[in-house]
Amino acid sequence: VNNQRIIDFLNEARTFELGATLQYMGHHYMAQGIDAMPFIDEIKDIAIVEMRHAEALAERINYLGGVPTKNTTEIMQGGDLMKMIRDDLGLEEGAIERYRRGIKICEEEGDSTTRLMLEEILAQEEDHANTFQTMLGEQKMMGEAAA
Ligand SMILES: [Fe+2]
Ligand SMILES: [Fe+2]
């Protein structure tokens, strides 16, 4: 097992999880209006899930002998409700691609424990993407497994 390759991936993923936490909490406080009420409730719950992802990644990084990053990605703020949801869906689609890549890295390195963790996180990201797509009234793009 090449721990450094896994650690580097987990830290990359963690910066995006920290960014998603901040972006979603910002949207929770900024979204306004009667049309935004379902989004305002949902986005707070999803922000907390992303924070748990960041924490799970940190614990695994620590176990593997690495140092969990405190860096975050640039976050998207502002705009109307639909822009917020589109920006958030963009993060989830990025996360889905990233975790699929991470699962491949774990397979290559023979780290089944990290792979299992990433598979569980991936399933939650697909659920989030599905939620945002439903809010936007879009067709499902992730396949029926996400439903
Ligand atoms: Fe996440
Ligand atoms: Fe997510």
Worksheet entry | Residue within segment 4-12 that is open to solvent by 30 Å² or more (accessible area, probe 1.4 Å) and aromatic (Phe, Trp, Tyr) present | no
Worksheet item: Only one of (1) among the small types (Gly, Ala, Ser); (2) surrounded by fewer than 18 Cβ atoms within 10 Å (Cβ to Cβ); (3) within 10 Å of the chain's Cα centre (by Cα) fails for residue 19. Which number is that?
Response: (2)
Discussion item. Checking residue 94 against (1) away from ligand 2 (no atom under 13 Å from the Cβ); (2) under 12 Å from the mean Cα position of the chain (by Cα); (3) of a type outside the set (Lys, Arg): exactly one of these is not met. Which one?
Written reply: (1)
Worksheet item: In the list 103, 121, which residue meets the criterion of being under 28 Å from residue 38 (Cβ atoms), β-branched (Val, Ile, Thr) and out of contact with any strand residue (DSSP E or B) (no Cβ under 8 Å at 6 or more places or on another chain)?
Response: 121
Item to complete: Sort out which residues of segment 56-89 are part of a helix (DSSP H, G or I) and within 14 Å of ligand 2 (Cβ to nearest atom), and write them in order of number.
Response: 56, 57, 85, 87, 88, 89
Worksheet, complete the sentence: Those residues of segment 107-121 which are under 12 Å from the mean Cα position of the chain (by Cα) and open to solvent by 20 Å² or more (accessible area, probe 1.4 Å) amount to 120
Practice prompt. Just name the residue that is most open to solvent (accessible area, probe 1.4 Å) out of those in segment 49-81 that are without any contact (Cβ under 8 Å) to a residue 12 or more places away in the chain and within 14 Å of ligand 1 (Cβ to nearest atom).
Written response: 52
Practice prompt. Please verify whether segment 85-99 includes one or more residues that are under 15 Å from residue 21 (Cα atoms), free of Cβ contacts under 8 Å to residues at least 24 places away in the same chain and surrounded by fewer than 17 Cβ atoms within 10 Å (Cβ to Cβ).
Written response: yes
Discussion item. Can you tell me which condition residue 104 does not meet? The list is (1) under 15 Å from residue 9 (Cβ atoms); (2) buried (at least 17 other Cβ atoms within 10 Å of the Cβ), and all the others hold.
Written reply: (2)
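The values are calculated or read from the model by the stated rules, or taken from the named source; none is laboratory data. The structure presented is a predicted model; accordingly, all values stated were derived computationally and were not measured. In this analysis, Cβ positions are derived from the backbone assuming ideal geometry, glycine residues included, and neighbour counts consider all displayed protein chains. Note: accessible area is taken over every heavy atom of the protein model, side chains too, but ligands, DNA and RNA are not part of it. Shrake-Rupley method; radii C 1.70, N 1.55, O 1.52, S 1.80 Å.
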